[in-house]
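The values are calculated or read from the model by the stated rules, or taken from the named source; none is laboratory data. Computed from a predicted model, the values in this text were never measured in an experiment. Note: ideal-geometry Cβ built from the backbone for every residue, glycine included; neighbour counts use all protein chains shown. These area figures cover heavy atoms from the full protein model, side chains too; ligands, DNA and RNA do not enter into them. Shrake-Rupley method; radii C 1.70, N 1.55, O 1.52, S 1.80 Å.
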Amino acid sequence: MGCKIMDNKELIKLAIKARENSYSPYSNFKVGAALECEDGSVYLGCNIENSSFTPTCCAERVAVFKAVSEGNKSFKKIAIVSDSDEYTYPCGVCRQVLSEFSHDMTVLVVNKNGEYLEKNLSEIFPNAFSYKDV
Ligand code: THU
């Protein structure tokens, strides 16, 4: 999706757009994510639920899997937004999945008004498990 450098507000706008496609008939909790890679490309994701519940996939992982499946593993920044008043942080599983590819990326946690906090993945997911360390 293009190759221009995104500022935080632009990336958040894309995450809000991605949220429109949320398939969340069970929780009614709509989430959107926009993942910016080092080369400037952006991958969007929304949460996709399932009547069997466990196959549900978070917006962040949808964006990550789209990027990796397109050959892009160098992550720079991700913006995450739901329709909550609270800032939407990635769940533990998504933090682990992001950390597979970058410990040092920026995570923008956004509330429904578009206000955000800028975090580093290493800050919200310290001491990540790595199979390489075993
Ligand atoms: N969800 C996400 O997409 N990302 C998060 O960071 C937290 C949770 C989704 C999963 C499920 O569809 C709904 O939100 C409620 O948990």
Residues of region 45-72 being open to solvent by less than 60 Å² (accessible area, probe 1.4 Å) and of a type in the set (S, T, Y), which ones?
T56
So L14 clears everything in (1) within 11 Å of the ligand (Cβ to nearest atom); (2) touching a residue at least 60 places away in the same chain (Cβ under 8 Å) except one condition, right? Which one?
(1)
When V42 is evaluated against the numbered criteria (1) touching a residue at least 24 places away in the same chain (Cβ under 8 Å); (2) within 9 Å of the ligand (Cβ to nearest atom); (3) open to solvent by less than 30 Å² (accessible area, probe 1.4 Å), which criterion, by number, is the only one it fails?
(2)
